[in-house]
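Structure, as structure tokens:
The values are calculated or read from the model by the stated rules, or taken from the named source; none is laboratory data. Bear in mind the structure is a predicted one, so any value in this text is a computation, not a measurement. Cβ sites come from the backbone with ideal geometry, for glycine too, and all protein chains shown count toward neighbours. Ligands, DNA and RNA are excluded from the accessible area calculation, which covers all protein heavy atoms including side chains. Shrake-Rupley method; radii C 1.70, N 1.55, O 1.52, S 1.80 Å.
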Amino acid sequence: MAAKKRVLTGIQPSGIPHIGNILGAIEPSLRLAQNHDGFLFIADLHALTKQPEPKQLQAQIHSVAAAWLALGLNPDQTVFYRQSDVPEVPILAWLLSCQCPLGMLNRAHTFKELTDNKGMPGEDVRHGIYSYPVLMAADILAFDADVVPVGKDQKQHLEITQELARKFNHVYGGGEAILKVPEAKIDEAVMTVPGLDGRKMSKSYDNTIHVFLEDKPLLKRIKQIKTDSTEYGAPLTAAGDTVFELYKLFATEAQTTRLRRQYETGRKNPDENVDDERNYFGWGDAKKALHGVLVERFGDARAEYHRLMDDQGHLDRLLAAGAERARNVARGVLERALRACGIR
Ligand code: ADP
Ligand code: TRP
């Protein structure tokens with residue numbers, strides 16, 4: 001039997017994931033991990049480039065780790081670790097740095113966006129942002145990753161990674177593969193989950209829904225979803241409605257069909273069209289229905305999330321065990337690279 005391909009990806013510790021992250025990134029990654037040799041890490045060193053407040057960074061590292069585990073990451077199957085626990089990575093990053101032409105980094109979008117029209121960076125642009133792609137290349141190359149699933153915005157970083165691997169192999173291996181050139185798997189965002197205001201759900205729009213909220217605050221958040229001013233009891237339009245769109249993502253087909261009928265009739269019981277207000281169906285009812293399917297779908301994960309957050313020692317031990325497994329691989333790759341460049 002052929003060995004499973006190694007798939008590796010990094011996640012920024014930027015707060016509790018929202019529904020968009022869960023459906024758009026976390027669940028697809030977990031599915032991929034099931035039939036691959038999976039490596040998944042929290043990119044805490046990369047997070048520093050955004051100058052986060054230390055306490056907040058610390059909390060976010062834990063909450064992101066707890067969220068992935070609660071949502072189904074199996075740490076026995078997938079090697080799950082913190083980037084900063086694998087010192088081989090920044091050492092490899094240095095070896096790559098010594099081969100990395102500045103032009104390659106000057107062209108990186110994330111850096112370029114911070115420069116003026118003469119290509120000069122502003123006073124507050126730090127070296128960490130500039131060398132971000134080199135560290136990311138080391139994250140990947142230190143593990144002989146075959147496949148790296150990332151969002152579209154990371155495509156250029158993957159190209160830089162491939163180029164750096166080829167360059168290193170050319171300089172030190174005479175073209176022989178010392179570092180494995182990985183394949184990018186660009187996720188074309190199969191679905192865009194809408195947020196409270198109907199735009200793409202995103203931290204930057206403050207329109208997110210966090211599923212680990214307790215029942216009441218979760219309902220409060222759902223009630224903030226923008227709806228039109230259809231009168232109570234009149235038919236509601238399902239097409240393009242955010243509540244309906246979100247409901248559909250989590251409900252069974254039968255549940256969705258029923259909700260659609262409730263929208264069409266403006267009645268809780270669509271088959272009973274008597275003009276009794278108790279049977280009226282309005283936005284508040286639709287939102288309660290959404291709340292119901294979210295609690296059903298994520299109730300267990302929420303309990304597990306809070307259990308993990310209450311036992312950070314356990315979480316830390318779990319990540320440390322992952323780091324040990326990760327280092328066993330990275331050590332071998334780094335050794336190969338150090339020998340190739342004459343340090344060993
Ligand atoms: P945010 O927009 O909240 O800052 P990120 O840019 O950190 O989210 O996204 C992390 C991952 O989650 C990416 O892979 C991205 O494609 C996915 N994602 C984010 N928002 C959505 C959404 N609304 N629908 C689908 N996927 C999303
Ligand atoms: N730059 C990635 C992001 O912002 C996170 C990341 C860091 C990463 N290192 C990586 C992703 C290595 C894949 C592989 O989303």
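Against the conditions (1) at pLDDT 95 or above; (2) more than 22 Å from G103 (Cβ to Cβ); (3) open to solvent by less than 50 Å² (accessible area, probe 1.4 Å); (4) within 16 Å of ligand 2 (Cβ to nearest atom), where does H157 fall short? Just the number, please.
For H157, the exception is condition (2).
Using the structure shown, decide if T192 is part of a loop (DSSP other than H, G, I, E, B), farther than 27 Å from E296 by Cα and more than 16 Å from ligand 2 (Cβ to nearest atom).
It is false that T192 is part of a loop (DSSP other than H, G, I, E, B), farther than 27 Å from E296 by Cα and more than 16 Å from ligand 2 (Cβ to nearest atom).
Kindly establish whether G173 is open to solvent by less than 40 Å² (accessible area, probe 1.4 Å), touching a residue at least 60 places away in the same chain (Cβ under 8 Å), over 27 Å from G24 (Cβ atoms) and not β-branched (V, I, T).
yes
If I ask for residues that are among the hydrophobic types (A, V, I, L, M, F, W, C), modelled with pLDDT of 90 or more and near ligand 1 (Cβ under 10 Å from one of its atoms), which ones from the range 161-196 would you list?
Scanning the range 161-196 gives a single hit, V193.
All but one of (1) open to solvent by less than 20 Å² (accessible area, probe 1.4 Å); (2) farther than 29 Å from V193 by Cα hold for L73; which doesn't?
L73 satisfies every listed condition except (2).
Need the failing condition index for A239 against (1) open to solvent by 80 Å² or more (accessible area, probe 1.4 Å); (2) under 29 Å from S14 (Cβ atoms); (3) among the small types (G, A, S), just the number.
A239 satisfies all of (1) open to solvent by 80 Å² or more (accessible area, probe 1.4 Å); (2) under 29 Å from S14 (Cβ atoms); (3) among the small types (G, A, S) except (2).
Considering only the range 53-63, state which residues are open to solvent by 40 Å² or more (accessible area, probe 1.4 Å) and not acidic (D, E).
Selection gives P54, K55, Q56, Q58, A59, Q60.
Of the residues R297, R327, R331, R336, only one is open to solvent by less than 70 Å² (accessible area, probe 1.4 Å), basic (K, R) and touching a residue at least 12 places away in the same chain (Cβ under 8 Å); which?
R327
Looking for something farther than 30 Å from F143 by Cα, of a type outside the set (S, T, N, Q) and outside any loop (DSSP other than H, G, I, E, B) - is there at least one such residue anywhere in the range 322-330?
no
Which residue out of E277, E253, E231, E264 is surrounded by 14 or more Cβ atoms within 10 Å (Cβ to Cβ), in the same structural domain as K216 (by TED's automatic domain parsing) and not polar (S, T, N, Q)?
Of E277, E253, E231, E264, the one residue that is surrounded by 14 or more Cβ atoms within 10 Å (Cβ to Cβ), in the same structural domain as K216 (by TED's automatic domain parsing) and not polar (S, T, N, Q) is E264.
Specify the residue that is surrounded by the fewest Cβ atoms within 10 Å (Cβ to Cβ); the eligible residues are those in the range 21-43 that are within 12 Å of ligand 2 (Cβ to nearest atom) and among the hydrophobic types (A, V, I, L, M, F, W, C).
Residue satisfying both the conditions and the ranking: A25.
Give me a count of the residues in the range 1-20 that are more than 8 Å from ligand 1 (Cβ to nearest atom), assigned to a loop (DSSP other than H, G, I, E, B) and open to solvent by 10 Å² or more (accessible area, probe 1.4 Å).
Counting residues in the range 1-20 that are more than 8 Å from ligand 1 (Cβ to nearest atom), assigned to a loop (DSSP other than H, G, I, E, B) and open to solvent by 10 Å² or more (accessible area, probe 1.4 Å) gives 7.
Checking the condition over 21 Å from V147 (Cβ atoms) and touching a His at 6+ places or on another chain (Cβ under 6 Å), which residue from I61, I16, I91, I22 passes?
Exactly one of I61, I16, I91, I22 is over 21 Å from V147 (Cβ atoms) and touching a His at 6+ places or on another chain (Cβ under 6 Å), namely I16.
Return a yes/no flag: does the range 273-286 have any residue that is on the phi > 0 side of the Ramachandran plot, assigned to a loop (DSSP other than H, G, I, E, B) and out of contact with any helix residue (DSSP H, G or I) (no Cβ under 6 Å at 6 or more places or on another chain).
No, every residue in the range 273-286 fails to be on the phi > 0 side of the Ramachandran plot, assigned to a loop (DSSP other than H, G, I, E, B) and out of contact with any helix residue (DSSP H, G or I) (no Cβ under 6 Å at 6 or more places or on another chain).
Output yes when any residue across the range 113-129 is modelled with pLDDT of 95 or more and open to solvent by less than 10 Å² (accessible area, probe 1.4 Å), and no when none is.
No, the range 113-129 contains no residue that is modelled with pLDDT of 95 or more and open to solvent by less than 10 Å² (accessible area, probe 1.4 Å).
Looking only at the range 76-112, count every residue that is among the basic types (K, R) and either within 21 Å of Q51 (Cα to Cα) or buried (at least 16 other Cβ atoms within 10 Å of the Cβ) (or both) and tell me the total.
2
Regarding D215, is this residue within 21 Å of the chain's Cα centre (by Cα) and surrounded by fewer than 14 Cβ atoms within 10 Å (Cβ to Cβ)?
Considered against the rule, which asks whether it is within 21 Å of the chain's Cα centre (by Cα) and surrounded by fewer than 14 Cβ atoms within 10 Å (Cβ to Cβ), D215 comes out as no.
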